[in-house]
Amino acid sequence: DGGDRIKCGTRNLNVSDFLTKHLNMPWKEADKTLRDSYSRQTGRELHATPRQQARRQLWAEFQAERGERQQQRTQKWEAQRRSESSRLQDIKQEYQAKKSRVYDGRGMTPAARRAAVSVARMERVTKESALREQIQRERELLKAEQRRPATEQYREFLAGKAQAGDEYALSELRRMRPEPAERER
């Protein structure tokens, strides 16, 4: 690439590879070292453009909001678990109440009691089965919310900011717009 090279044994490395591969510096530290060295040599500092700073700011805001949404999803899952447990408990209590009424009834024969308890048990099994299906659908909806790709979530975030009048969000949204496919002739 025409840049300066540093000879290390049999390898000729550029300055960034020398710092990261030969000296095993983490990139953040190597980047800082290179920027500091450049500013000392040229007498001027590298600054990010306002647009780059706005992008970083928007991304940081999105990440913070994403953390909040993760907490909300966790709360939704916990509420779902409590709801499932409560509904199953209600069915069980209803069954126990019916069973108690059957055994407390004095005018029934033992065969009639067994039949009544059997009917109550069947109602319980039917209700639990229907509840399990409903719970499965509810869980699928919660999972579908979480499966959305981060880029789609970021676009929605930017669209919301752009609707509120943020010009940087609008320009970032335009930048992220997918390229139109070449038209077939």
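The values are calculated or read from the model by the stated rules, or taken from the named source; none is laboratory data. Please read these numbers as outputs of a predicted model, since none were measured by experiment. Neighbour counts are summed over all protein chains in view; Cβ atoms, including those assigned to glycine, are modelled from backbone coordinates with ideal geometry. Ligands, DNA and RNA are excluded from the accessible area calculation, which covers all protein heavy atoms including side chains. Shrake-Rupley method; radii C 1.70, N 1.55, O 1.52, S 1.80 Å.
Points worth noting:
- When Ala111 is tested against (1) within 18 Å of the chain's Cα centre (by Cα); (2) surrounded by fewer than 13 Cβ atoms within 10 Å (Cβ to Cβ); (3) not charged (D, E, K, R), exactly one condition is not met: (1).
- Yes/no for Gln75 being surrounded by 10 or more Cβ atoms within 10 Å (Cβ to Cβ), assigned to a helix (DSSP H, G or I), over 27 Å from the mean Cα position of the chain (by Cα) and without any contact (Cβ under 8 Å) to a residue 40 or more places away in the chain: no
Here's the yes/no breakdown for (1) out of contact with any Leu (no Cβ under 8 Å at 6 or more places or on another chain); (2) open to solvent by 80 Å² or more (accessible area, probe 1.4 Å):
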site	(1), (2)
Gln89	yes, yes
Gln93	yes, yes
Tyr103	yes, yes
Ala115	yes, no
Ser118	yes, no
Met122	yes, yes
Leu131	no, no
Tyr154	yes, no
Gln163	yes, yes
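- Close pairs from the stretch 19-40: first closer than 17 Å to Asp4 by Cα and at pLDDT below 85, partner surrounded by fewer than 13 Cβ atoms within 10 Å (Cβ to Cβ) and of a type outside the set (D, E, K, R), Cβ under 6 Å, at least 6 apart: Arg35/Leu46
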